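Right, one structure below, let's go through it.
The values are calculated or read from the model by the stated rules, or taken from the named source; none is laboratory data. Computed from a predicted structure; not experimentally measured. Cβ: placed from backbone, ideal geometry, glycine included. Neighbour counts: every protein chain shown. Ligands, DNA and RNA are excluded from the accessible area calculation, which covers all protein heavy atoms including side chains. Shrake-Rupley method; radii C 1.70, N 1.55, O 1.52, S 1.80 Å.
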Amino acid sequence: RCEEEDVEMTEDAYAVLTRIGLETSLRYAMQLITAASLVARKRKGTEVGVEDIKRVYSLFLDESRSTQYMREYQEAFLFNELREYLGDA
């Protein structure tokens, strides 16, 4: 994917991205490549490093972390008020 998008990446960044792909999904890991490349470009870097991967990982949630977030904060979302209004709470 890096080759297709013309993204240079350090070996350590590859290792982190591989681990993320194993723990989440390959699709999620591949989507982080483009975002990490933009972060590296913004800091005027020539290649994506571990810090770039960490930055985009913290900004974009995978399915598992997104679900966990929704469960933790479900009372704060509008649909919770709708359930209470309809009597489904």
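Note on the range 50-63: residues that are in contact (Cβ under 8 Å) with a residue 24 or more places away in the chain, open to solvent by less than 80 Å² (accessible area, probe 1.4 Å) and within 11 Å of the chain's Cα centre (by Cα) total 4.
Looking across the range 16-33, the residues that are part of a helix (DSSP H, G or I) and surrounded by 13 or more Cβ atoms within 10 Å (Cβ to Cβ) come down to 16, 17, 20, 21, 28, 29, 30, 31, 32, 33. Those residues that are closer than 20 Å to residue 65 by Cβ and buried (at least 17 other Cβ atoms within 10 Å of the Cβ), I need them from the range 34-49; list them, please. Listed by number, the residues that qualify are 35, 36, 39.
In the range 9-20, the residues that are under 18 Å from residue 39 (Cα atoms) form Cβ pairs under 9 Å with partners that are aromatic (Phe, Trp, Tyr), at six or more places apart or across chains, as follows: 16/57; 20/28; 20/57.
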